Every structure is written in C-alpha cells, then in structure tokens.
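The values are calculated or read from the model by the stated rules, or taken from the named source; none is laboratory data. As the structure is a prediction and not an experimental result, all values here were calculated from the model. A quick note on method: Cβ atoms are made from the backbone with ideal geometry, for glycine too, and the neighbour counts reach across all protein chains shown. Heavy atoms of the whole protein, side chains included, go into the accessibility calculation; ligands, DNA and RNA do not. Shrake-Rupley method; radii C 1.70, N 1.55, O 1.52, S 1.80 Å.
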Amino acid sequence: MAAAGKLFSGRFQLLKSLNHHSSAKFSTGRHLCAQKSYELLIVGGGTGGTVIANKFAPKLGSGKVAVIEPSDTHYYQPMWTLVGGGIKTLEDSSRPTKNVLPKQCDWIKQKAASFDPHKCTVTTDNGDEIKYQYLVVAMGIQLNYNKIKGLPEAFDEDPMLTSNYSTDYVTKTYKALNEFQAGNAIFTFPNTPIKCAGAPQKIMYLAEERFRQRGVRDKATVMFNTSLGVIFGVKKYADALLKVIEKRDIKVNYKKNLIEVRPGKKEAVFENLDSTTGLGETQTVQYSFMHITPPMSAPDVLRNSPLVDQSGFVNVNKNTLQHVEFSNVFGIGDCTNVPTSKTAAAISGQCGVLRKNLWEVMQGREPEKEYNGYTSCPLITGYKSCILAEFDFAGNPLETFPINQGVERRSMFHMKKDVMPQMYWKFLLNGYWEGPDIPRKIMHLGLSQ
Ligand SMILES: Cc1cc2nc3c(=O)[nH]c(=O)nc-3n(C[C@H](O)[C@H](O)[C@H](O)COP(=O)(O)OP(=O)(O)OC[C@H]3O[C@@H](n4cnc5c(N)ncnc54)[C@H](O)[C@@H]3O)c2cc1C
C-alpha cells in the first residue's frame, strides 16, 4: 500500500500539471457540455453521487468538482414502496437534479460511456473526454427487465403486471391493487443481487392488507416466489417475517425464479433453482396480479471497464471504499462490490468513510477509516407497521434504538413514512448525515449494545 501511495503521489503531481481548467462551455449556467479537467469527478448523481458532491464541492470550491448525471430528476427511491401502496405519490419522491447538486459543482448532463483509469479519463456518450485527479463511481445498479422473456412489453399489455422498481411502472401498482378481484397475487424475487432486498416483499404485505380492506382477501392467494432459499438474509428479522407470513396466510415458494411472462394467457413461468427437487424444471402458474422485481446487474458501461471484478461491480476495498487497483478511484453505493445489502441507508454508512478516506488520499496519506457494512431495511409489514432491520457485514443486528427492532411497530412505520424522507432530503443528500453510529451510541449508553 505504501508503494501504491508513492506511485499515486507521483501520478498526482503529473496530473496536477496536466490539469487545465480552461474549457469551452457550450451552454450557460450549470448545464455544461465541455472538454474539462476536474480535481474530483463523480459519475452518477443519484444518492451516493449527490452526497459526495455536497461534501466535496463546497470544500474544494467552484470548478473543481463535476458530476456526470444524465437525469433531470433525482428520485428518493425508498419511497417507491409507499408509492406502490398508495401512501405517497411519485412526485413526492422527486426533486429536480439541479436543486440537489451543490452550486459549486459542474453538472455534466451526459452518460458516462467509457472509463480509462490508466489515463484518468471518462468519456461521455457525446464523445467528450473528462479528465480527473480523483474519481468517485456512484452509478447505481441496472434493471434488466429484458432478461425475463416477454418483458418489458408485457407491462404495457397487462394493467395487472407491475413493478415498484421503475418510474415507468410504479404508479401502476396501486391501481392494480384496487382492481384485483380474485386469484393468484404473485410477488417475485430474482436470481441476482438487487437493491433493497426487502422491497419485493414489503409491497406484498401492503397488498395483502389492501385486499383485506377491499373485502377480496378471501378470494386471493398471496404468494412470494423467491429465487432465494430464505425469506431474509439476517436470521433475527427472517424469524420475525416468517411469523408475519404465517399470521397473514401468505404462501412462500423458495428457489423459484421468474423467467417468462405471457400476458395474453395470464401465465408466469418459473424455473426451479433447487437441486433437490428437479433443478432447472419449469412450472407455469396463473396470475391475476404480479409484482415483478427485475434481475439486476452493474451498469453495462462499468462491466466493460477495467474498474470491476468478475461480478461486474466496482472492485473496491470493502472497508476503505478505495479501488483495489487504482488508488485515486473510490466507489460508493449499489455499483460497488461491497458485500452488504444495497440501500440508501448503506450509503449513509459509507459516505463518512469515503469523505474521510478520499480526503486523506488527496493529502497524500493512506485511507484509514473503515466501513463496518452498516445497512438498514425498513420492512413495512402493513399500512401501520414496520420492522426496522439494521445490520452489519456479518449480518449482526446493529439497531439504533434501545428497543427490540425485530417486532412490528407503528413507530417504525412513521419513521419510514414521515421521518426518513426528511432525513434524506435535508440531511443525507446535503452531506450532513453519516449514519446512526453516534445516535446509536448515545441511545445505548449504559445498555449492552
Ligand atoms: C422500490 C425500492 C425500494 C427501496 N427501499 C429502500 C429503503 O427502504 N431503504 C433504503 O435505504 N434503500 C432503499 N432502496 C434502495 C436505494 O434507493 C438505493 O440503494 C440507493 O438509491 C442507491 O444509491 P446509488 O447512488 O448507489 O444509486 P442511484 O441512487 O440509483 O443512482 C445512480 C445514478 O447513476 C446514474 N447513472 C446511471 N448510468 C449512468 C451513466 N452511464 N453515466 C452517468 N450516470 C449514470 C443514474 O441516472 C442515477 O442517478 C429502495 C430502492 C427501490 C427501487
């Protein structure tokens, strides 16, 4: 690491001399289309990218930080479960990108098209080459609906097919829950890493309650068809969820992976992933309503770059978030290979580590601060209940409140619905919230955790 530091320090000097901030701006204001060079380039202006921009742009000053982000709208995606459940609207979850990025940073409204970490450049899809001294990759995870035969077209054909994971379909969910009359209501979980591993079942609990409110529950078979062999990765919360599932008469089919949708016949085809019961065999199930969580992967652009490991995700040290090969590159959030559950909460745990470590590297020092894997999943189990799961790399509960969070609570539902969105917009995005480490320590003073 010391040798790498030296190597980097030499390259840093070279890059400093190469760094020229002269550039032709092809549009005014913060919308730039230019050949530029930046001290810090952030690729992706979602949760992770915006947080890091807000931490570094005010500190480094105008013209030193740029964010490559193609979208005009920033979404608070964790709200989409509530949008699907009819509790919030899609508009509630959105803000203009220009309002969440710091005024000191340049917003490059393009897509990153290729990375050359040897030359310290990123090329955008309009052919611009952006140079950087330091790079933070925050590109999120890619939704691959097209890996399921019949999708995405089937979403347009069938109003009872929906998915909270996309702005294209999330607003269909609540309408479909209100139109459902009888039959199988199926909720799927794919055979890939996904963001918010709780979301595929949270909407199921809301749906089940909505069916009861509407008086159609006795005509519904609610089923969770999951590629996994467990309901949730952390035993404490899995045990709690299994109790909910039993109480609510929900059918769980493990190791079932959705591979095809036939909207004309209302059929869903699942492949069996269980080697003990006919691995690879397919089963066709009739659906009346289906919520689909799509297969996901690292973005194609990253998978074709030198920045990733064999899984396709950005190859960083899971504790320091520094790239294992390119010491001036860091990664945050869903696009990295950090082995924790991919959530906005995980970004709250990562952003302080990245802030500290990137700053150390900028000063020619070694990164020291370590991420413990903190992540959280507010497992909504109904219109007034939630189990707030919080845990670390090892799957050990890391609960903020000095109460047992492994039970359904109304207070945690209000945390999710009312408090967390405010924390996101006002504190996390602006760079003021670095996870609940300090509140947890204060609240557990004198207690065991
Ligand atoms: C339905 C649902 C429910 C969820 N529930 C929760 C929850 O309860 N709690 C929780 O903590 N988390 C939850 N999450 C997960 C959370 O939203 C994500 O983990 C988080 O937003 C990840 O942040 P990110 O910065 O890694 O990626 P994102 O926020 O997705 O940002 C990635 C950004 O990269 C940009 N990008 C993509 N390709 C390119 C390119 N080629 N060039 C430049 N930019 C690019 C995208 O436009 C995007 O803005 C949920 C997500 C969903 C969808």
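Quick grid of which residues meet (1) among the hydrophobic types (A, V, I, L, M, F, W, C); (2) modelled with pLDDT of 95 or more; (3) touching an Asp or Glu at 6+ places or on another chain (Cβ under 7 Å):
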site: K384; (1), (2), (3): no, yes, no
site: S411; (1), (2), (3): no, yes, no
site: K426; (1), (2), (3): no, yes, no
site: N430; (1), (2), (3): no, yes, no
site: W433; (1), (2), (3): yes, yes, no
site: I438; (1), (2), (3): yes, no, no
site: K441; (1), (2), (3): no, no, no
site: G446; (1), (2), (3): no, no, no
Pair list, Cβ < 6 Å and 6+ apart or interchain, from segment 407-427 residues that are touching a residue at least 40 places away in the same chain (Cβ under 8 Å) to residues that are β-branched (V, I, T): E408/T381; E408/I387
So K131, is it assigned to a strand (DSSP E or B), basic (K, R) and more than 25 Å from T293 (Cβ to Cβ): yes
Hits in segment 167-191 - residues which are open to solvent by 10 Å² or more (accessible area, probe 1.4 Å) and in contact (Cβ under 8 Å) with a residue 24 or more places away in the chain: T167, T171, Y174, N178, Q181, A182, G183, N184, F189, N191
Some residue of segment 347-370 being assigned to a loop (DSSP other than H, G, I, E, B), surrounded by 24 or more Cβ atoms within 10 Å (Cβ to Cβ) and not assigned by TED's automatic domain parsing to the domain that holds L242: no
Residue within segment 57-71 that is outside any strand (DSSP E or B), within 14 Å of the ligand (Cβ to nearest atom) and open to solvent by 30 Å² or more (accessible area, probe 1.4 Å) present: yes
Pick from segment 298-336, criterion within 19 Å of G45 (Cα to Cα), under 17 Å from the mean Cα position of the chain (by Cα) and open to solvent by 20 Å² or more (accessible area, probe 1.4 Å), ranking: farthest from the ligand (Cβ to nearest atom): D300
Members of segment 116-140 found to be open to solvent by less than 20 Å² (accessible area, probe 1.4 Å), in contact (Cβ under 8 Å) with a residue 60 or more places away in the chain and touching a strand residue (DSSP E or B) at 6+ places or on another chain (Cβ under 7 Å), listed by number: P117, C120, V122, I130, Y132, Q133, Y134, L135, V136, V137, A138
Single unsatisfied condition, T293 versus (1) touching a helix residue (DSSP H, G or I) at 6+ places or on another chain (Cβ under 8 Å); (2) assigned to a strand (DSSP E or B): (2)
Count of segment 265-282 residues which are open to solvent by less than 80 Å² (accessible area, probe 1.4 Å) and not in a strand (DSSP E or B): 6
Segment 194-209, residues that are open to solvent by 10 Å² or more (accessible area, probe 1.4 Å) and more than 11 Å from the ligand (Cβ to nearest atom): E209
The lone exception for V285 - which of (1) of a type in the set (A, V, I, L, M, F, W, C); (2) in a loop (DSSP other than H, G, I, E, B); (3) in contact (Cβ under 8 Å) with a residue 24 or more places away in the chain it fails: (2)
